[in-house]
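Presented below is the structure to which this report refers.
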Amino acid sequence: MPTTSDAVDREVAWLTTSGDGLPALLKAAGGPWDICQAYGPRTQTARKSGIYLLRSSLTEVRFNNHRKMDSYDFRAKLWWPIGSTTVTAPIWEQEQRGFDAAIDLLIQRLRGLPQDHTHGGRFLTVGETPGNGRITVRFEDPERTANANPAALIAEAFWPADDNDFTA
């Protein structure tokens with residue numbers, strides 16, 4: 001029987017993969033993000049950009065008498081400290097552009113390869129769930145988050161995933 005407890009780790013493994021024809025997300029591989037990890041830290045790393053992945057829901061669906069499938073809604077907390085991008089003035093507008101560009105790379109990675117929406121076989125489908133096959137990004141008000149200490153741009157991204165079905 002599969003386990004639901006490693007779903008977040010499996011998705012982080014996909015997000016931190018590089019060299020597969022999709023954008024790399026981590027700076028170490030040429031991407032814009034410093035950190036991509038399962039679950040959030042107790043205290044935020046103030047000067048490092050990060051993707052912190054959680055599940056916002058887990059649903060188990062029974063179908064065809066004895067078959068089951070687990071479905072997840074992933075939630076990524078996106079943290080972009082002011083000063084993450086090497087920019088010239090006006091810094092504030094450039095930081096917002098940098099954050100948007102970094103989020104676009106995340107979305108490209110979530111979409112996956114045209115012929116594979118399983119995130120490398122880790123799931124049955126990701127971002128393709130019927131009725132909820134969408135990726136959503138919600139941005140915090142930058143005027144509010146820029147005046148926080150530390151100043152940062154903040155967003156959350158949400159997307160569904162269906163795990164491989166199993167017999168129960």
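General observations
- Test: S84 is out of contact with any helix residue (DSSP H, G or I) (no Cβ under 6 Å at 6 or more places or on another chain), open to solvent by less than 60 Å² (accessible area, probe 1.4 Å), closer than 23 Å to T16 by Cα and modelled with pLDDT of 90 or more: no
- Here L124 clears all of (1) at pLDDT below 90; (2) under 24 Å from G19 (Cα atoms); (3) open to solvent by less than 60 Å² (accessible area, probe 1.4 Å) except the condition numbered (3).
- Number of positions in segment 45-84 that are within 21 Å of P142 (Cα to Cα) and either out of contact with any Pro (no Cβ under 8 Å at 6 or more places or on another chain) or in contact (Cβ under 8 Å) with a residue 60 or more places away in the chain (or both): 14
- Yes/no for R138 being farther than 22 Å from P81 by Cβ, within 19 Å of the chain's Cα centre (by Cα), exposed (fewer than 13 other Cβ atoms within 10 Å of the Cβ) and of a type outside the set (A, V, I, L, M, F, W, C): no
- Residue pairs meeting the criteria (Cβ under 9 Å; at least 6 apart or on separate chains; first open to solvent by 30 Å² or more (accessible area, probe 1.4 Å), in segment 13-35; second acidic (D, E)): L26/D34; K27/D34; A28/D34
- Selection status of P114, more than 19 Å from A102 (Cβ to Cβ) and not basic (K, R): yes
- Any pair with Cβ under 8 angstrom, 6 or more apart, that starts in segment 107-118 at a residue that is within 10 Å of P23 (Cβ to Cβ) and touching a residue at least 60 places away in the same chain (Cβ under 8 Å) and ends at one that is open to solvent by less than 60 Å² (accessible area, probe 1.4 Å) and outside any loop (DSSP other than H, G, I, E, B): R109/W14; R109/L15
- Which numbered condition R109 fails, given (1) open to solvent by 40 Å² or more (accessible area, probe 1.4 Å); (2) among the basic types (K, R); (3) at pLDDT 90 or above; (4) part of a helix (DSSP H, G or I): (1)
- Residues that are polar (S, T, N, Q), open to solvent by 10 Å² or more (accessible area, probe 1.4 Å) and within 23 Å of the chain's Cα centre (by Cα), drawn from segment 143-168: N164
The values are calculated or read from the model by the stated rules, or taken from the named source; none is laboratory data. The structure presented is a predicted model; accordingly, all values stated were derived computationally and were not measured. Backbone-built Cβ (ideal geometry, glycine too); neighbour counts: all protein chains shown. Please note that ligands, DNA and RNA were not included when accessible areas were found on the heavy atoms of the full protein model with its side chains. Shrake-Rupley method; radii C 1.70, N 1.55, O 1.52, S 1.80 Å.
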